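The values are calculated or read from the model by the stated rules, or taken from the named source; none is laboratory data. No experiment lies behind these values; they were computed from the predicted model shown. So basically every Cβ, Gly included, is an ideal-geometry build from the backbone, and we count neighbours across all protein chains shown. Surface areas here come from the heavy atoms of the whole protein model, side chains and all, with no ligands, DNA or RNA. Shrake-Rupley method; radii C 1.70, N 1.55, O 1.52, S 1.80 Å.
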Amino acid sequence: MTDSASGRWGMLRGLPHRRAFSLAWPAILANVTVPLVGLVDTAMLGHFADATSLGAVALGSTVIGAVFWLLNFLRNGTTSFVGRALGAGRIEAAVTHLQRAMLMAVGLGVGILLVQWIAVPLVMGVLAPAGEVQSLATDYAWIRLLAAPATLLTLVANGWFVGTGDTKRPLAIVATVNVLNIGLDVLFVAGLGWGSSGAAGASAIAEWAGVLVAGVLWWRFAASEVRADVRRWRHKGLRSGWMRVVALNGWLFGRTATLYVVLTFVTAYAARVGEDVLAATAVLMQFMYLSSYAQDGYAHAAEAMSSREIGRGDIREFHRANLAAALPALAIGACFTVLYLVARDPLISLMTDLEPVAATAREYFPWVIALPLFSAFAYLFDGVFLGSGHTRAMLLTMVASAALVFFPLVWVGEALVPDDRGHDLWRAFLFFNVARGVFLGIAYAVTTRRGRWLEHEEPLPAA
């Protein structure tokens, strides 16, 4: 056996599967509970309201999702900086970044509270025609955004925990938020009949409870020297390094903005096709979110492990960690594909008893069946590139997937078969996710071949 072949086999021996699993399983449980809230929202409204309320929540959730997903760099950037800093043995730098992220979260949260009363009606006017759906969706978004500061601070706390290699406390936080949300959902929607506004109020109250839980967990389990460092707000390190933080977060913001343009287009396009198609899309997107959040568990594991190995400068272990996360991530995607294949009708019936909506959902469900398996590497590579700090590639590949695959497929499909716009939309969305994985895989191979994993676009700021 040649030395190169021996080296390749050596890379595969003793992969850190146990470490990856210990990081992944709490993240999987935490992530799965996130779309469960959306599933409960949709199920409550699907059974105790009407298609108008269901469509309003779909549109309102699109706006809320856009805000918080666009600002999810607070979680992702914190994980990347904290993980790499701790891998390099720079505890003070990790704490300083936590402080920067907390300041950013408070500032952005207050800004959202100030501008939402003007911005939300303008956005809803673009997404939906005037009428009851638009009015209900606007109220839903207004209520949800009252919890913006709490949500953003919770993102920072979760970013710190994942960066330190702790995925169990984020599980405790999100479990608290979502169990409370589900309970209040049942009370407000099914019990009191408050419809979409009740669903929004349940979520807002739960988010404020979540930030309190996050603060208690962080303070209780942080080392005394870390707590002491956090108390020092007026030190030189906190006043510097902002441009590097903004640079990394800027790439993440652009990447997430592109993704949400696609997701928003899906909902808005469905709304233009018809009310039943919009409501069915709201149902189907919940299944997409359920599988994607579960698959993100191993993406979080890859994120935590890769950031630590990059901080240490150990490229061999970096690749081994990614391999250990890749195989289970693919297996989880395959399991969801099989689940959706064999349980289509019961799952749709669980979500709604509105027969026109259910019939439309069944028609488009084959695309949802394929999504988990064919999207697996898109989610995994996101974690790898995020943890390693190579966020520019995440933006470029996302833009390429949208501009070269998603929108052209929608437009070509509509031009060729104008009466089949629902299938055109879901076909394009499936291939968009396939393209994300392919383009990121190419970027991974190129970066490896050129030996540039330790060459960061945004080096760690000084402490």
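Below is a table of values for the structure above.
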{"read-out": "Which numbered condition Gly89 fails, given (1) in a helix (DSSP H, G or I); (2) of a type outside the set (D, E, K, R); (3) open to solvent by 50 Å² or more (accessible area, probe 1.4 Å)", "value": "(1)"}
{"read-out": "Condition check for Gly389: touching a residue at least 24 places away in the same chain (Cβ under 8 Å), on the phi > 0 side of the Ramachandran plot and touching a helix residue (DSSP H, G or I) at 6+ places or on another chain (Cβ under 6 Å)", "value": "yes"}
{"read-out": "Tabulated pairs, the stretch 326-352, first acidic (Asp, Glu), second open to solvent by 30 Å² or more (accessible area, probe 1.4 Å) and at pLDDT 90 or above, C-beta under 8 angstrom, 6+ apart or interchain", "value": "Asp345/Arg362"}
{"read-out": "Answer from Leu152, Leu122 - the residue that is under 20 Å from Ala200 (Cβ atoms) and modelled with pLDDT of 90 or more", "value": "Leu152"}
{"read-out": "Residue list for the stretch 142-172, restricted to those being within 18 Å of Val226 (Cα to Cα), among the small types (Gly, Ala, Ser) and surrounded by 24 or more Cβ atoms within 10 Å (Cβ to Cβ)", "value": "Ala157, Gly159, Gly163"}
{"read-out": "Filter result for Arg308 (in contact (Cβ under 8 Å) with a residue 40 or more places away in the chain, within 18 Å of the chain's Cα centre (by Cα) and open to solvent by 30 Å² or more (accessible area, probe 1.4 Å))", "value": "no"}
{"read-out": "Qualifying residues in the stretch 173-220 (those that are over 26 Å from the mean Cα position of the chain (by Cα) and among the aromatic types (Phe, Trp, Tyr)) - the one surrounded by the most Cβ atoms within 10 Å (Cβ to Cβ)", "value": "Phe188"}
{"read-out": "Any chance Phe406 is open to solvent by 40 Å² or more (accessible area, probe 1.4 Å) and of a type outside the set (Gly, Ala, Ser)", "value": "no"}
{"read-out": "Flag for Arg452 being in a helix (DSSP H, G or I) and either among the basic types (Lys, Arg) or in contact with a Phe, Trp or Tyr (Cβ under 9 Å, 6 or more places away or on another chain) (or both)", "value": "no"}
{"read-out": "Neighbours by Cβ (under 7 Å, 6+ apart or cross-chain): first from the stretch 223-238, among the basic types (Lys, Arg) and loosely packed, with under 13 Cβ neighbours inside 10 Å; second part of a helix (DSSP H, G or I) and at pLDDT below 70", "value": "none"}
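Residue-wise test of (1) assigned to a helix (DSSP H, G or I); (2) more than 19 Å from Ala137 (Cα to Cα); (3) out of contact with any Gly (no Cβ under 6 Å at 6 or more places or on another chain); (4) open to solvent by less than 20 Å² (accessible area, probe 1.4 Å).
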{"site": "Leu278", "(1), (2), (3), (4)": "yes, no, no, yes"}
{"site": "Met285", "(1), (2), (3), (4)": "yes, no, yes, yes"}
{"site": "Ala294", "(1), (2), (3), (4)": "yes, yes, yes, yes"}
{"site": "Ala299", "(1), (2), (3), (4)": "yes, yes, no, yes"}
{"site": "Ala304", "(1), (2), (3), (4)": "yes, yes, no, yes"}
{"site": "Arg316", "(1), (2), (3), (4)": "yes, yes, yes, no"}
{"site": "Leu323", "(1), (2), (3), (4)": "yes, yes, yes, no"}
